[in-house]
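The values are calculated or read from the model by the stated rules, or taken from the named source; none is laboratory data. All values derive from a computational prediction rather than experimental measurement. So basically every Cβ, Gly included, is an ideal-geometry build from the backbone, and we count neighbours across all protein chains shown. Each accessible area value is taken on the protein alone, full model and side chains, heavy atoms only, with ligands, DNA and RNA left out. Shrake-Rupley method; radii C 1.70, N 1.55, O 1.52, S 1.80 Å.
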Amino acid sequence: MRRGSGVLLHISSLPSPHGVGDLGPGAYRFVDFLAEAKQGFWQILPLGPTDPAHGNSPYLSSSAFAGNPLFISLELLKEEGLLSGADLQEMPTLPAEGVDYPRVLASKAPLLHRVWQAFKGNKPPWDYKAFVESNSYWLQDYCLFKALKARFGGLPWNRWPAALRRRERDALEEARQQLSEEVEREAFLQYLFFKQWRALKAYCESKGVQVIGDLPIYVTQDSADVWAHPEIFKLDGEGRPQVVAGVPPDYFSRTGQRWGNPLYRWEELQRRRYDWWVERMRHNLGLFDLVRVDHFRGFVAYWEIPAGDRDARRGRWVEAPAEDFFEELQRRFPVLPIIAEDLGVITPDVREVMARFGFPGMKILQFAFGEDFPRSPYLPHNFPRNCVAYTGTHDNNTVRGWFEGEASPEERGRVFRYLGREVPPEELPWELIRLLMMSVADGVIIPMQDLLGLGEEARMNRPAHKEGNWRWRIREGQMSADLRNRLRDLTEIYGRG
C-alpha cells in the first residue's frame, strides 16, 4: 500500500435527491472532492443488498456477491433514456439527512419495475448477455433465491418445501420455469447496479482514487450463498446451523457476542481448494483496488458457539487452515491487496499470518488513550509503517461524540497530554487527524463525520443496537471548498498527496 490518505463514506451516505445515496451524480461529485483534496483512497462498506429484517445492515446481506438495487441511480437511468423527467417527478420528497429505508424502497421499486417492463420487451444488449455469462457462478442462484423468497412470503429458505430446500434438480428447474420473469428481473437489476458501479469505478481510476471495499468474513444464514452451497457450512439435515459465529467473553462483555452466522466447514473448503472463497475474492478484486477483510482473526481460529445457546460463553476456539488458505489465494491472485481487520484481542498466531503474507492491520486512534497509555499500539508513535490508521470506523462513535460522551476523565486527560495542550471538543477531530497524517502509517482513512467535526448524532452504527443504524447522510453543501482546501493542505504537508 502506497503512502496516502482517504475518506470513509458509504454509498448510502452520499448526497442524492431520492432518499439514499446512490451511484449517480452525487457519487461523482464526491470523487471530484477527493481528487481535489489529493485523497488517494475512498473506503466504503459492503455493497450487498440490505434487508429491513436485519436492520438494513450491509454486513447482513442476502448475498456475498450481489449489489444493492437501492443504490441504482434514477438520474443515470434518465440520462440513458430509460426513465423520463416525468417519472422522476413522481418521486416523493424524502429526507436529505437520514435514510428512511421503507420509504426509499417503496418509492424506488415502482420506477425500477417500470424500467424492467420496458427492457423485457426489447432485445437485450450485448453487455447484458456478457454480464449474465461472466457472473454465472452466483447470479442465477441469487436470482432464483430472491424469486422464491417472494413466492413464499419472505420465509427463510430452510422453511421452504423440502425439494427446494434440498435443491433437487427437478424442483429447481420447475421453479426456474414458473418464476422465469421474476428471475430475469432480478438479473436485470444486478446488471443495472454493476453497470453503474463499473462506470463509477472507472471514474475513480481516472481521478487517481483507489476504492477500498469491505468483505465480511461470514454470511447470513438466510442467504443465497448458504442455500446454494450448504455443504460448506456447518448445518444440520434441515439446513439449520449446528454452531454459530461470535467472540468470547472479554473486558467489554462478560457473556461475549453471539453473532449467529453459520460457520464454515473448513475441511470441506480445503478439500475443494476453497472454490467458493476463490470466486468471492475474484469478484471483490474485480470491484475494488483493496479489500478490507472483516474479523480477520476468524481465518486463523474462530469462536464456535452451540447454535442453541443464547450467548457466547460456552463457545470454543477452533483452528482454521489460514496459511494453506492464503497460499491458495496468493497462487490464484499474485497481487492480494488485503487490509486485515485485526481489532480486539489478537493472538501471536494471527500476527504471524499477517506478517507472512504482508497484510497491513488497522490502528484506531480512539482506542489509544486507555490504561496502557503510552504503550498502546494504537498511539501514532508505536505504529509500524505497514498499517492503515483511522480516527474511528463505522462501528465507533465520531471523535467528538466519543470525547464528549464516552471517554472517561482519565482518557480525556491523556488525549490532552499527548497533544501537549487542551483543546475544545470542536477542534479535537482535526487535532487527531493531524496526528495520523504525520505518522509513519502507510494508509490513513478518516470517516467523513470526523472531517466535518460532527457529534454522536452522525454515528453510523451502534453495535448491539438493532434499530436506527446505517442512516447518516452528508448534505451536498458540506463538501465545501474550505473543507477540501484544509484536507489538501494537511495531505501535502505530510507527503500523502
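Per residue, the stretch 1-139 exposes 38 Å² of accessible surface when a 1.4 Å probe is rolled over the protein heavy atoms with every protein chain present.
Can you work out the PRE-style zone for Ala150? Point 7 Å along Cα to Cβ, and I want the residues of the stretch 42-83 with backbone N under 18 Å. Of the residues in the stretch 42-83, 49-53, 62-63, 66-72 have backbone N under 18 Å from the label point off Ala150. Sequence-distant or interchain residues sharing an amide H contact under 5 Å with Gly260, placed H: which? Those lying under 5 Å, H to H, from Gly260 are Ala245. Each residue was assigned an accessible area with a 1.4 Å probe, and for Glu133 the value is about 130 Å².
Heavy-atom accessible area, probed at 1.4 angstrom with all protein chains present, ranks Thr50, Thr220 as Thr50, Thr220, highest first.
Across all directions, the average projected area of the convex hull around the alpha carbons of the stretch 46-130 is 6.8 nm². Of the GluC sites (Glu not before Pro) in the stretch 70-105, the ones in a loop by DSSP (not H, G, I, E or B) with at most 15 other beta carbons within 10 Å are Glu80, Glu90, Glu97. Using heavy atoms of the protein chains and a probe of 1.4 Å, the accessible area assigned to Asp100 is about 50 Å².
Per residue, the stretch 332-398 exposes 41 Å² of accessible surface when a 1.4 Å probe is rolled over the protein heavy atoms with every protein chain present.
Using the alpha-carbon positions of the stretch 416-469, Rg (one decimal) and Dmax (whole number) come out as 13.7, 39 Å. For the set Met479, Met437, solvent exposure ranked by accessible area (probe 1.4 Å, protein chains only) runs largest to smallest as Met479, Met437. Measuring r between the beta carbons of Glu173 and Asn485 and using R0 = 56 Å, the FRET efficiency lands at 0.40.
If both residues of a DSSP beta bridge must be in the stretch 182-310, then about 70% of such bridges are antiparallel. Of the GluC sites (Glu not before Pro) found in the stretch 461-497, the ones in coil according to DSSP and having at most 14 other Cβ atoms within 10 Å of their Cβ are Glu467. Highest mean packing first, where packing is the average number of other Cβ atoms within 10 Å per residue, the peptides 441-451, 395-405, 104-114 line up as 441-451, 395-405, 104-114. Cross-link pairs exceeding 32 Å between alpha carbons, from the set Lys146/Lys207; Lys129/Lys234; Lys120/Lys234; Lys234/Lys466: Lys146/Lys207; Lys129/Lys234; Lys120/Lys234.
Computed with a 1.4 Å probe over protein heavy atoms only, the accessible area of Arg488 comes to about 80 Å². Rounded if a/c is under 1.5, else prolate if a/b is larger than b/c, else oblate: which is the stretch 386-488, with a ≥ b ≥ c the root eigenvalues of its Cα gyration tensor? Since a/c stays below 1.5, the shape of the stretch 386-488 is classed as rounded.
The aspartates and glutamates whose alpha-carbon is closer than 14 Å to the alpha-carbon of Lys201, local same-chain residues fewer than 8 away aside, are Asp22, Asp32, Asp289.
State the percentage of accessible surface on the chain attributable to carbon and sulfur atoms; use a 1.4 Å probe and exclude ligands, DNA and RNA. For the chain, the apolar C and S fraction of the accessible surface comes to 49 percent. Over the chain, Cα pairs under 8 Å with separation of 6+ residues give a relative contact order of 20 percent. Of interest is the spacing of the C-alpha centroids, which for the stretch 306-385 and the stretch 78-131 amounts to 41 Å. When each of the peptides 239-249, 31-41, 200-210 is scored by how many other beta carbons lie within 10 Å of its residues on average, the order from highest to lowest is 31-41, 239-249, 200-210. Here the spin labels are modelled as points 7 Å beyond Cα on the Cα-Cβ line, and at Ala130 and Glu371 they lie 6.0 nm apart. Global dimensions of the stretch 275-372 from alpha-carbon coordinates: Rg and Dmax equal 15.3, 44 Å.
Which value, in debye to the nearest 20, describes the size of the charge dipole of the chain about its Cα centre when Lys and Arg Cβ atoms bear +1, Asp and Glu Cβ atoms bear -1, and nothing else is charged?
Details: 64 positive and 68 negative charges, 67 e Å.
The dipole magnitude comes to about 320 debye.
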